[in-house]
């Protein structure tokens, strides 16, 4: 697709205005926290900030991988900040969050991939607030003990983005990312703690075929995923891979209906849908808003 191709009309939206945007941004800055909203240039960040919510990104601001779709900085990360879990918990309290989403950069430089730090963040939030905790960790580079540590911390929702179909997996996510391990993670979560809701998401418009997408959805459902997000990939900057196709809203609606028929309990399918967008509503059966 030529770089000069304009965005379709359905991908243009107004930026919310109001003091809540500034309140959220100032609080995050004051507590020296990171959000994936900013680092990944999420198109929904101003809407979420206006609602006094954000997706916290822990383990630093530098990732050890370089996925072709992601704008988070890549390089050698700084040492872990031991006080970060406490500050995340404080932000949860001050924002009045009832549903907290915590994601992270990938830390292949750490023996446990940052799992212990993740668990401590969950525990700090739980001690400070009565909130549903949704986590969106890395794949921990195939480390079962690390995965188990986060499962033992018992977040209510365990989210891990599959992102794309098997054929494109390594070329887009890098050689360290393994599609079979992603499915194995979901199965292990379901086996070790059946009360945890398992969630995953795919970004569309990067070269996948309809048949490949349906096969991937079948794999995810078979592995135990019941909460699903489908959204349009939007290029954060010219450094990331280009969009192959913009899916019309009607196609997202069709795919959402297909996924529900396959047995997914909750499905969010739309151009602006992201893994943590309206996460609180999605975690409530029957409560997800339409036409996102």
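The values are calculated or read from the model by the stated rules, or taken from the named source; none is laboratory data. All values reported here derive from a predicted model rather than from experimental measurement. Methodologically, a virtual Cβ is constructed for each residue, glycine included, from the backbone with ideal geometry; neighbour enumeration extends over all protein chains shown.
Here's the yes/no breakdown for (1) closer than 25 Å to residue 282 by Cα; (2) touching a strand residue (DSSP E or B) at 6+ places or on another chain (Cβ under 6 Å); (3) in contact (Cβ under 8 Å) with a residue 60 or more places away in the chain:
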{"position": "100", "(1), (2), (3)": "yes, yes, no"}
{"position": "104", "(1), (2), (3)": "yes, yes, no"}
{"position": "113", "(1), (2), (3)": "no, no, no"}
{"position": "116", "(1), (2), (3)": "no, no, no"}
{"position": "122", "(1), (2), (3)": "yes, yes, no"}
{"position": "127", "(1), (2), (3)": "yes, no, no"}
{"position": "132", "(1), (2), (3)": "yes, yes, yes"}
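Please work out which residue is surrounded by the most Cβ atoms within 10 Å (Cβ to Cβ), limiting yourself to the stretch 162-174 and to residues that are closer than 19 Å to residue 113 by Cα and at pLDDT below 95. My answer is 173. Of the residues making up the stretch 78-113, those that are closer than 20 Å to residue 28 by Cβ and part of a loop (DSSP other than H, G, I, E, B) are 78, 80, 81, 82, 83, 96, 97, 98, 105. Those helices (runs of 4 or more DSSP H) of the stretch 175-292 in which 1 or more residues are buried (at least 17 other Cβ atoms within 10 Å of the Cβ) and at pLDDT 95 or above occupy 179-192, 210-223, 249-262.
When the stretch 139-159 is limited to residues that are part of a loop (DSSP other than H, G, I, E, B) and surrounded by fewer than 23 Cβ atoms within 10 Å (Cβ to Cβ), the one that is nearest to the chain's Cα centre (by Cα) turns out to be 139. Tell me, please, whether a residue that is touching a residue at least 12 places away in the same chain (Cβ under 8 Å), assigned to a strand (DSSP E or B), surrounded by fewer than 22 Cβ atoms within 10 Å (Cβ to Cβ) and on the phi < 0 side of the Ramachandran plot can be found in the stretch 57-77. Yes; the residues of the stretch 57-77 include at least one that is touching a residue at least 12 places away in the same chain (Cβ under 8 Å), assigned to a strand (DSSP E or B), surrounded by fewer than 22 Cβ atoms within 10 Å (Cβ to Cβ) and on the phi < 0 side of the Ramachandran plot.
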